[in-house]
1. Please list, ordered by first then second residue, the pairs with beta carbon atoms under 8 Å, 6 or more apart or interchain, first in the stretch 144-167 and touching a residue at least 12 places away in the same chain (Cβ under 8 Å), second outside any helix (DSSP H, G or I) and open to solvent by less than 30 Å² (accessible area, probe 1.4 Å).
2. I want to confirm something. Restricting to the stretch 232-247 and keeping residues that are within 16 Å of GLU145 (Cβ to Cβ) and small (Gly, Ala, Ser), which single residue is farthest from the chain's Cα centre (by Cα)?
3. Can you work out which of the residues in the stretch 78-98 that are open to solvent by less than 50 Å² (accessible area, probe 1.4 Å) and assigned to a helix (DSSP H, G or I) is farthest from MET215 (Cα to Cα)?
4. Could you say whether any residue in the stretch 205-226 is open to solvent by less than 70 Å² (accessible area, probe 1.4 Å), polar (S, T, N, Q) and closer than 16 Å to ILE19 by Cα?
5. Go through the stretch 100-140 and give me each residue that's over 21 Å from SER86 (Cβ atoms) and among the charged types (D, E, K, R).
6. What's the number of the only condition in (1) open to solvent by 70 Å² or more (accessible area, probe 1.4 Å); (2) of a type outside the set (D, E, K, R); (3) in contact with a Pro (Cβ under 8 Å, 6 or more places away or on another chain) that CYS60 fails to meet?
7. Can you name the number of the only condition in (1) in contact with a Phe, Trp or Tyr (Cβ under 7 Å, 6 or more places away or on another chain); (2) assigned to a helix (DSSP H, G or I); (3) open to solvent by 60 Å² or more (accessible area, probe 1.4 Å) that VAL41 fails?
8. How many residues are assigned to a helix (DSSP H, G or I), over 17 Å from the mean Cα position of the chain (by Cα) and of a type in the set (D, E, K, R) if we restrict to the stretch 196-231?
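The values are calculated or read from the model by the stated rules, or taken from the named source; none is laboratory data. Being a predicted model, the structure only gives us computed values, none of them experimental. Because the Cβ atoms are built from the backbone with ideal geometry, glycine has one as well, and the counts that use them run over all protein chains shown. Surface areas here come from the heavy atoms of the whole protein model, side chains and all, with no ligands, DNA or RNA. Shrake-Rupley method; radii C 1.70, N 1.55, O 1.52, S 1.80 Å.
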Amino acid sequence: MGRIEQLNQKLNPWKEQLINHPVYQNIQTVEDLIIFMETHVFAVWDFMSLLKALQIELTCTKVPWIPTQNPKIRRMINEIVMEEESDVDQEGKVASHLELYLDAMHAAGGEINQISRFIDDLRKGHPLSDIIKSLPFPFLQHFLEFTFQTIESKKLHLIASVFTFGREDLIPDMFTALVKDLDQKMETDLSKFIYYLERHIELDSGEHGPMALQMIEELCGDDEHKWEEATKISMEALKKRVELWDGINKGILERRADAIASL
């Protein structure tokens with residue numbers, strides 16, 4: 001059994017928790033979906049920082065340009081950046097995946113005020129740590145803090161592990177569970193959200209996921225310590241995603257209980 005297979009085997013219990021998480025079944029109404037989207041959008045946003053951290057270190061993003069050592073990884077990162085930062089919407093217009101998500105939120109009737117304020121504060125140069133602490137949910141704060149602590153470590157095999165096992169390798173199965181029968185459950189037009197989900201499933205299962213696994217193998221090589229660190233941080237990344245899903249699920253159930261109590 002190869003190193004990647006061994007690592008995946010250790011992660012399977014956490015992956016199973018995510019794939020079979022009750023939040024998918026509890027999204028029964030548009031209101032439930034909006035609760036999900038208004039929090040999950042921050043994970044859509046912070047994914048790009050993981051990707052950009054890898055691009056900065058594994059490709060050349062400065063002048064004068066100097067070729068980096070691994071052309072295979074360089075190409076992979078640039079391909080993923082292009083498709084995540086400059087994909088196309090249903091009408092063929094260029095848009096990042098965050099912009100696709102915000103468009104889907106708007107179409108579903110969700111509010112984008114919180115994520116918009118968050119990004120505006122970043123543009124104004126406010127400290128990231130302060131902006132994260134201003135968010136209303138501790139579980140969301142912890143999710144984002146973990147992402148940026150990993151980025152700040154400057155250890156490429158750790159950043160790549162969170163990117164790969166906490167995101168790219170996980171998303172197809174996770175989003176398949178979410179998209180299943182979603183459009184049959186609700187009368188609202190969710191075509192934009194379903195397009196976003198299906199686009200991710202297509203890219204991550206067919207292209208990005210396998211490429212990201214190759215990146216882990218390249219970065220860890222034969223270094224036993226790096227593989228141990230990659231395993232540990234990947235488990236932590238999946239744990240943080242479970243906690244994020246738990247928090248969203250709790251919010252959905254609390255909203256439902258309040259609606260029943262008000263009848």
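1. Cβ pairs passing all conditions: LEU144/LEU135.
2. Restricting to residues being within 16 Å of GLU145 (Cβ to Cβ) and small (Gly, Ala, Ser), the top hit is GLY247.
3. Here the answer is LEU98.
4. yes
5. Selection gives GLU111, ARG117, ASP120, ASP121, LYS124, ASP130, LYS133.
6. (1)
7. (3)
8. Going through the stretch 196-231 one residue at a time, the tally reaches 6.
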